[in-house]
1. Since TRP226 meets every condition but one in (1) farther than 27 Å from PRO258 by Cβ; (2) in contact (Cβ under 8 Å) with a residue 60 or more places away in the chain, which condition does it not meet?
2. Quick one: in segment 558-574, of everything that is under 20 Å from VAL542 (Cβ atoms) and outside any loop (DSSP other than H, G, I, E, B), which residue is modelled with the highest pLDDT?
3. Name the pairs whose Cβ atoms lie under 8 Å apart, with the first residue in segment 95-122 and free of Cβ contacts under 8 Å to residues at least 12 places away in the same chain, the second among the charged types (D, E, K, R), and 6 or more positions between them or separate chains?
4. Can you work out which of the residues in segment 221-252 that are out of contact with any Pro (no Cβ under 9 Å at 6 or more places or on another chain) and part of a strand (DSSP E or B) is nearest to GLY310 (Cα to Cα)?
5. If you take the residues in segment 588-639 that are closer than 29 Å to ILE120 by Cβ and in contact with a Lys or Arg (Cβ under 7 Å, 6 or more places away or on another chain), which one is surrounded by the fewest Cβ atoms within 10 Å (Cβ to Cβ)?
6. Among the residues of segment 443-461, write down those that are surrounded by 14 or more Cβ atoms within 10 Å (Cβ to Cβ) and in a loop (DSSP other than H, G, I, E, B).
7. Count, please, the residues in segment 115-129 that happen to be crowded, with 18+ Cβ neighbours inside 10 Å and not hydroxyl-bearing (Ser, Thr, Tyr).
8. Which condition breaks for SER577 when tested against (1) among the polar types (S, T, N, Q); (2) on the phi < 0 side of the Ramachandran plot; (3) at pLDDT 90 or above?
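The values are calculated or read from the model by the stated rules, or taken from the named source; none is laboratory data. Bear in mind that the values here come from a model prediction, so they are computed numbers and not experimental data. When we count neighbours, we look across all protein chains shown, and the Cβ atoms used for this are built from the backbone with ideal geometry, even at glycine.
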Amino acid sequence: MATFASIQFSSLFGRHLFGRHRRWLVICLGVLSTIAVIAFGSCSAFQSSALASPPNILIDQFGYRPGDQKVAVIQQANATEEDDPNLYQHLNDTFQVIDVEAPDAPVYTASAEIWADGKIHDQSGDRVAWFDFSTVQTPGNYAIQNTRTGETSAQFAIAPDVYQNVLKTATRMYYYQRSGFEKAPPYADPRWTDRAAFLGPGQDPEARFVDDKDNAALARDMRGGWFDAGDTNKYVTFAAQPLHLLLSAYSQNPDRWPDDFNIPESNNGIPDLLDEVRYELDWFQRMQDDDGGVFIKLGTLDHNAASTPGRDRRPRFYGPKCSSSTIDLASTFAHAAVVFRDFPELQSVAATLEQRSLQAWDWFNRHPIQTECDSQEIKAGDADRDPAVQMGGAILAAVYLSQLRDDPQFHTYIRDHYSETRPFDDSMGVLYASSVVDGLMTYLQSANAPADLKAQMEADFSTLFFDQLSPFFNDIVNLDPYRAYMPDGQYHWGSNAVKSNFGNINQAISAATNDTSAAQMYTNQALGYLHYLHGVNPLGIVYLTNMYDVGAEYSANEMFHAWLGDGIYKNAQTSRSGPAPGYVTGGPNNDYTGPAEGIAERPIMRAYLDRSDSELYMWEITEPSITYQAPYIRLLSRL
């Protein structure tokens, strides 16, 4: 019998959830880069061998916890059926784990196991072998070495806290995404400083309504919040899912979140993750009107970004109030109030959030669901949400409001509408409605929830999780030699977020089962997705930017972002500073529509360039997003 109270999910794939299908025709972001740092397989005009490629022994470049399964992937890239067997002789070799402090005394030696009898993997075009060194558990610094050729992997650590600095660095992405906030030492590295953005005349403190631009009486103070992605716009609807994921990441593992992440609020007695969440929620408050309705987005009317956001003088405009943004505020404010009320210093903040959530809840229930609020005159993403997504937000609001006050209306709403949300409106909807699943799992733990409703929901989730999902995920690791399987259709815009989400659902199923061996299998699979993002992928790179100071040897060097401006942040290896560290890039995109030669002909997992050029439409491949970052942070904090 599953323990439903333990289940936590992160947002998952479906319907191109992560890509907003920007079609940016004119973007002034500076100089076209002339090199690509890492060669990715077949030759192209858009590649370079200026820097060495990763070795063909792939490991998690940050490392492993002592008791976890540890499998190095031995790669023969771009394989063909006509290959000379000598080209992949190394797949049959013996490998050893060496302690970098004592390399002449290997700590473990064994042969690799060839995946699928030497079959060429369709999604990567590679032959692969696995070298399992799980028995090595002593903390230290190691590398894997081919005993015949002497080739070694990148170095990695084994330690109980091996991912803590990675988690801290990835979470600090949100600090660097802050709008209206100076990035300055000691909180910002001197390489990534900037003025507070969009605080000038006609900008965020006095933003105008996009449908009545000349009406000064409608100017509103909308400063603060996070830039959404590589652009500098801010969207209530796009930010709701990350906020729920970050709040759930804290609630699930509060001990993972100290008060020392080196942000301006550090050492104030509140975990820094919650301080960062609060920065975004403060902006949400400014987006709420006096009647409880919430304006949907804020940004510029063109793509002519300045050299850095702090130098951008373009006027800023806000969009109309909408049911989607209003219910998203209601749900996130209620969720935050539940978390914040446990801190004496935040109880007044929690009370304010609760009151504002109720105002938004009432507004939502007085108005019809709207799906055409965003004209997209404010560039670029379409911030509208379809009815099923909005209903999910309403269920979340009812769940968390029911934890704040035992009002029968919230229980009635959940009873009447939870089956209309995406976990239940199609067979795989659970995979991209994670915050709704989180909320309903929380509700099942509530002492206030009616017993008959809890029994009905538990039966529905049992069918969903164990009759429908478990067979799909059972032993899924063997479908992918890189141990992080996704169907072809999920290698779309933002595929790296989907990888994180697959890891989260595996870990969720692990937590839900009482079968010890099955639980370990699902945890191992969850780790596989994390290791993929940390370097165990066909390209052999860490899909987080500029992680060299945190332990990576082959990291994503570029990302599409407005910070790139004049090229000062362009490439981690060849420009003055490179991008700020810890940004999860979009990932391989089999739907890429840009002009970069050869991407469409590559295997799906290689549909990636380590580039940032607007001329190459790199927003479709390397652009980061707060919506990609949160699923990764959630996965990392769980493991």
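1. Of the numbered conditions (1) farther than 27 Å from PRO258 by Cβ; (2) in contact (Cβ under 8 Å) with a residue 60 or more places away in the chain, the odd one out for TRP226 is (1).
2. TRP563
3. Here the result reads ALA105/ASP99; LYS119/ARG127, each pair linking segment 95-122 to a residue that is among the charged types (D, E, K, R).
4. Step by step, filter segment 221-252, then rank; the result is LYS234.
5. Among those that are closer than 29 Å to ILE120 by Cβ and in contact with a Lys or Arg (Cβ under 7 Å, 6 or more places away or on another chain), it is MET618.
6. SER446, ALA449, PRO450
7. Residues flagged as crowded, with 18+ Cβ neighbours inside 10 Å and not hydroxyl-bearing (Ser, Thr, Tyr) within segment 115-129 amount to 9.
8. That leaves (3) as the condition not met.
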